[in-house]
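The next block holds one structure in the form of structure tokens; read it before the comments.
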Amino acid sequence: MNRILAMLLLITLLLSAAPLASAQTELSLWYHGAGNPEERAVLLNVIEDFNASQSDWSVVIEEFPQESYNSSIVAAALSGDLPDIIDVDAPVMPGWAWSGYMAPLNLSEGALDGFLPGAVGVYNGEVYAVGLWDAVVAIYARRSVLEANDIRIPTLEEPWTGEEFDAVLETLQATGDFENAFDVGMAWKGEWYTYAFSPFLQSFGGDMIDRETYLTAEGVFNGEAGLAFGEWWQSLFERGLVPGTSQDPADRDTGFLDGKYALQWNGNWAARAAVEAFGDDALFLPAPDFGSGSTIGAASWQFGISSTSEHPEGANAFIEFAIQDEYLVDFSNFGGLAPATASAAAMSDLYHEGGPLEVFFGLSQAQALVRPVTPGYANLSLSFEKAVTDIADGADIQDTLDAAVDEIEQDIEDNGGYGFGDM
Amino acid sequence: MNAMSFETRHNLSIGLRYALLILIATIFIFPILFMVMSSLKPDLQMLRDSASLRAFLPVGDISLNNYAEAFERVPIVQFAFNSVFTTSVSVAASLLLNSMAAFSFAFLQWRGKAIVLSLIIATFIVPFEVIAIPMLLVANNLPWIGPEGIEIGWLNSYHVQIIPFIADSLGIFLFYQYFRDLPDELVEAARIDGASIWQIYARIVMPIAGPIVATVAILKFLVMWNAYIWPLMTIRSEELRPIMVGLQYFFQLNIAWGEIMAYLSMVTIPVLIFYLALQRAFIESIATSGIKG
């Protein structure tokens, strides 16, 4: 009898445990990094840990290649098939939020304390996305080259001024040792142009759009500061200080390492190759200050939740779980990216105090400025890219900037102000 | 003397002709040679070699590492299976359906035939990009019988990659053009002998349509093998993704050029095999009907 009772108890326990084991509600997560084994491995680890840490939610990942990820999201939005958790490139986020693809996050108070400004995606006063890392740009240089030419090594506190930077480029070009003094990366067409070059415009005091209203670019892009930026930019090409718009992508990838270029404007994702090639001789220097402060671009891929998610509380729980320091460190150690918090940077292999890439974290903290936070960013970026390309190729600067402003304003008008005001 | 000079001229003419043919062949072969040679080199060496003739030679640090790494980065076998499956089914179904449609236009009499044919030919001018989004919305609302009964929506499946591309206006047109040029006596004689329409199609017309079958098969194969935009829009799961979408896996922050070349080399092989297998019939089709692929 006892044996029968024990069996019944066991069966009852097993039956009651079975629903518990399968009680986790599935949350879909779409991720842009298919084909990126390091990043993928870390994310899979985060998901595994999250799924094991609680019994309510189970995250299921679908991976997409980065180049086509945005198209897949837009197609899914059209077909009403968005996932619960969305991976989003920061400048794209306002467009997706405005289009109704994304909902604001609802994280615990203080969850984002200590995050780099570029890692927090804020739109219309609400946090829509958060990144586990940031991408940072610096001037790549070699200490031996600068010292051989009596060039001061700039610091965060005292970056090169615009005039000083120009003189540095002239000096390096005059040595005859380099094909060009400075490689800005003209071979990397597309978003690189806006991400990397618009900070120069901002350092001159201009911008692509008036960030007070987000309704006009007049006088901001094509005003005095814009003109000064355009003249400097065009002169770089006229004086042969930088490679032209037809730069060979191969030269962009290897030119600095091969000694073809003295300096290079590049992101932290390429820093490990420079350290491997030059060791302690490799330097990563702050952006020059053209009068309105040194500025670099900020914000990379981040996680948000879709507006159609039936389980926003689960999606928020996953994101809050993923932004723990231990995972920020993992992403940095495996992928080489800058961790999103100082505490994670201190624990990381590359960005800790005295680490080979420590300087990048300081650059991000001190100089980062996110790209304009507007749903019209995609058009803004295209107009900027076209303008800097045309100016580099010798077009009339004022006419080019005016044309870019006209394009931007027409787009804002066509879209009713993108929600920033009545047009 | 005259005979000698004629022979010399003749030899010179042949020599020049061969030189020209070799030059043209070289122009076509060099990109493939560059691709294969680059697939054997590390990224930095490949980029450095790209500005010289070394780019076309197996020199330097040669290995199959890029192939091994490409296999690690991308589930190539799965993607290749998906592409072979969707392409094979599409080509077979397309040949059957389009040839039957063309047979109807060429040999059967029915009201409105000319208008329908004109409408089909008119769709040539509509690029796929224009109809992609409407197609997506339609596909998302179509019923399908799945393992759990009737389901709504075709997305994320093999059939969404196949069915929309079976009926093909170009295929119908090419078959129609070929059938129209066949002698009427052929069909009439079969009719007099009592053959049914199906028998005429299957036993009289299709057996002599080899060249056009090869042409339509090659064209359809290329379209399906290179499918990119539509799978991007409709396929969510890696398990169902075709091979061309896999190319995007290599475009990371630091682009893996060597692996891209290895992947492309592998992707190109089936296309070359398929083309070479049908080459004779394809050329015959071009020669006899003036069709340009």
Scanning for something at pLDDT 95 or above and within 26 Å of A:V370 (Cα to Cα), does the range A:146-153 turn up at least one residue? no
Output for the range B:138-160, where each listed residue is within 14 Å of another protein chain (Cβ to nearest Cβ) and either under 26 Å from the mean Cα position of the chain (by Cα) or of a type in the set (S, T, N, Q) (or both): B:V138, B:A139, B:N140, B:N141, B:W154, B:L155, B:N156, B:S157, B:V160
Within the range A:121-134, identify whether any single residue is assigned to a helix (DSSP H, G or I) and of a type outside the set (S, T, Y), and answer yes or no. no
Can you name the helices (runs of 4 or more DSSP H) wholly within the range B:182-293 that have at least 2 residues being touching a helix residue (DSSP H, G or I) at 6+ places or on another chain (Cβ under 6 Å) and within 14 Å of another protein chain (Cβ to nearest Cβ)? B:229-234, B:243-246, B:257-289
Any residue in the range B:257-280 that's outside the structural domain of B:M46 (by TED's automatic domain parsing): show its pairings with residues that are of a type in the set (D, E) and in a helix (DSSP H, G or I) at Cβ separation under 6 Å, as long as the two are six or more apart or on different chains. B:W257/B:D43; B:G258/B:D43; B:E259/B:E69
Filter the range A:230-274 down to residues that are among the charged types (D, E, K, R), within 12 Å of chain B (Cβ to nearest Cβ) and assigned to a loop (DSSP other than H, G, I, E, B), then give me how many there are. 3
Of the criteria (1) touching an Asp or Glu at 6+ places or on another chain (Cβ under 9 Å); (2) buried (at least 16 other Cβ atoms within 10 Å of the Cβ); (3) more than 14 Å from chain A (Cβ to nearest Cβ), which one B:V59 fails: (2)
What is the residue count in the range A:345-397 for residues that are surrounded by fewer than 19 Cβ atoms within 10 Å (Cβ to Cβ) and among the polar types (S, T, N, Q)? 2
If I filter the range A:48-59 for residues that are surrounded by 16 or more Cβ atoms within 10 Å (Cβ to Cβ), out of contact with any strand residue (DSSP E or B) (no Cβ under 7 Å at 6 or more places or on another chain) and not assigned by TED's automatic domain parsing to the domain that holds A:W192, do I get at least one hit? no
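Residues are listed down the side, and each one gets a yes or a no for (1) at pLDDT 95 or above; (2) polar (S, T, N, Q):
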{"residue": "A:T12", "(1), (2)": "no, yes"}
{"residue": "A:N45", "(1), (2)": "yes, yes"}
{"residue": "A:S58", "(1), (2)": "yes, yes"}
{"residue": "A:Y69", "(1), (2)": "no, no"}
{"residue": "A:G80", "(1), (2)": "no, no"}
Filter the range B:234-287 for residues that are more than 21 Å from the chain's Cα centre (by Cα) and polar (S, T, N, Q); the one that is modelled with the lowest pLDDT is B:N254
State which residue pairs qualify: first residue within 7 Å of chain A (Cβ to nearest Cβ) and inside the range B:39-55, second residue hydroxyl-bearing (S, T, Y) in any location, beta carbons under 7 Å apart, and separation of 6 or more residues or different chains. B:L44/A:T254; B:L47/A:T254; B:R48/A:T254
Got at least one residue in the range A:312-329 being within 19 Å of A:E191 (Cβ to Cβ) and more than 14 Å from chain B (Cβ to nearest Cβ)? no
Would you kindly identify the strands (runs of 3 or more DSSP E) lying entirely within the range A:18-109 that contain at least 2 residues that are within 22 Å of the chain's Cα centre (by Cα) and closer than 19 Å to A:Y377 by Cα? A:85-89
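Per-residue answers, yes or no, for (1) on the phi > 0 side of the Ramachandran plot; (2) touching a helix residue (DSSP H, G or I) at 6+ places or on another chain (Cβ under 8 Å); (3) not basic (K, R):
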| residue | (1), (2), (3) |
| --- | --- |
| B:R17 | no, no, no |
| B:F56 | no, yes, yes |
| B:G60 | yes, yes, yes |
| B:G112 | yes, no, yes |
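State which residue is nearest to the chain's Cα centre (by Cα) when the search covers only the range A:222-257 and only residues that are of a type in the set (F, W, Y) and farther than 12 Å from A:F204 by Cβ.
Only one residue fits best here, namely A:F256.
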Residue list for the range B:62-78, filter: within 11 Å of chain A (Cβ to nearest Cβ) and in contact with a Gly (Cβ under 9 Å, 6 or more places away or on another chain): B:E69, B:A70, B:R73, B:V74, B:P75
Only one of (1) within 12 Å of another protein chain (Cβ to nearest Cβ); (2) surrounded by fewer than 24 Cβ atoms within 10 Å (Cβ to Cβ) is not met by A:N149, so which one is it? (1)
Within the range B:112-128, does at least one residue satisfy the condition of being exposed (fewer than 10 other Cβ atoms within 10 Å of the Cβ), within 30 Å of B:Q199 (Cα to Cα) and either hydrophobic (A, V, I, L, M, F, W, C) or not assigned by TED's automatic domain parsing to the domain that holds B:D181 (or both)? yes
Residue set A:V74, A:V60; condition more than 10 Å from chain B (Cβ to nearest Cβ) and β-branched (V, I, T); output residue A:V60
I'd like the full set of residues that are assigned to a helix (DSSP H, G or I), of a type in the set (G, A, S) and more than 16 Å from B:M266 (Cβ to Cβ), limited to the range B:21-69. B:A25, B:A55
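Does any residue of the range A:197-215 turn out to be closer than 25 Å to A:G355 by Cβ and either aliphatic (A, V, I, L, M) or in a helix (DSSP H, G or I) (or both)?
So in the range A:197-215, the residues closer than 25 Å to A:G355 by Cβ come out as A:199.
Those left that are additionally either aliphatic (A, V, I, L, M) or in a helix (DSSP H, G or I) (or both): A:199.
Yes, because at least one residue in the range A:197-215 is closer than 25 Å to A:G355 by Cβ and either aliphatic (A, V, I, L, M) or in a helix (DSSP H, G or I) (or both).
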Given the residues A:A141, A:A167, which is the only one that is part of a strand (DSSP E or B), within 30 Å of A:E238 (Cα to Cα), at pLDDT 95 or above and outside the structural domain of A:V329 (by TED's automatic domain parsing)? A:A141
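The values are calculated or read from the model by the stated rules, or taken from the named source; none is laboratory data. In this text, all values refer to a predicted model and were calculated from it rather than measured experimentally. Cβ atoms come from the backbone with ideal geometry, glycine included; neighbour counts cover every protein chain shown.
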